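The values are calculated or read from the model by the stated rules, or taken from the named source; none is laboratory data. None of these values were measured; they are calculated from a predicted model. FYI the Cβ positions are ideal-geometry reconstructions off the backbone, even for glycines, and counts take in every protein chain you see.
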Amino acid sequence: MRAATIQPEFHMPIDIRALRYFVETARLRSFTQAAGSLFVTQSTISKMVKQLEDEVGQPLLIREGKSVRLTDVGRVVYERGQEALGVVHRLTLEVADLSSLGRGQLTVGIPPMSTCFFRRQSARSGSAIPTCS
């Protein structure tokens, strides 16, 4: 009989905006510079980083006067946060690419002898193609 492995259920919801603000703060090592870079107030950055720390349940930054440095947990969140934000960015670009295709009608010119080959595929879409003789 195999022993069942019990894995603790761990769910940590993370606000993407809070993650973005944290990553920028860690990158620049400053709440003030991150606020300027993201065009928000320093207070907003501070609140969002605090929210992320609450969500993670650990301090992410060591505040030292006007600069900050990462805790060990902060380093992990920073590295994985960069990866996650990269994925979100690529997702946004892919969706935008597909959305920009739009909808419409495509008319394709096919030589008469090729219609036999394409007849079955186009019949499924309901287009009219001449019969093969």
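Could you tell me which residue of the stretch 63-83 is farthest from I45 (Cα to Cα), considering only residues that are modelled with pLDDT of 95 or more and in contact with a helix residue (DSSP H, G or I) (Cβ under 8 Å, 6 or more places away or on another chain)?
Per the stated criteria, the residue is V73.
Any residue at all in the stretch 61-74 that is more than 23 Å from M12 (Cβ to Cβ) and of a type in the set (S, T, Y)?
Checking the stretch 61-74: at least one residue is more than 23 Å from M12 (Cβ to Cβ) and of a type in the set (S, T, Y).
With the structure loaded, tell me whether E53 is modelled with pLDDT of 95 or more and in contact with a Pro (Cβ under 7 Å, 6 or more places away or on another chain) or whether it fails that test.
yes
Among the residues of the stretch 75-88, is any assigned to a loop (DSSP other than H, G, I, E, B) and either more than 16 Å from the chain's Cα centre (by Cα) or of a type in the set (F, W, Y) (or both)?
no
Report yes if G126 is modelled with pLDDT of 65 or more and of a type in the set (G, A, S), otherwise no.
no
Of the residues that sit in the stretch 58-84 and are in contact (Cβ under 8 Å) with a residue 24 or more places away in the chain and more than 12 Å from A26 (Cα to Cα), which one is surrounded by the most Cβ atoms within 10 Å (Cβ to Cβ)?
Here the residue is A84.
Identify all residues within the stretch 15-65 that are of a type in the set (D, E, K, R), over 20 Å from V88 (Cβ atoms) and part of a helix (DSSP H, G or I); write none if there are none.
K47, K50, E53, D54
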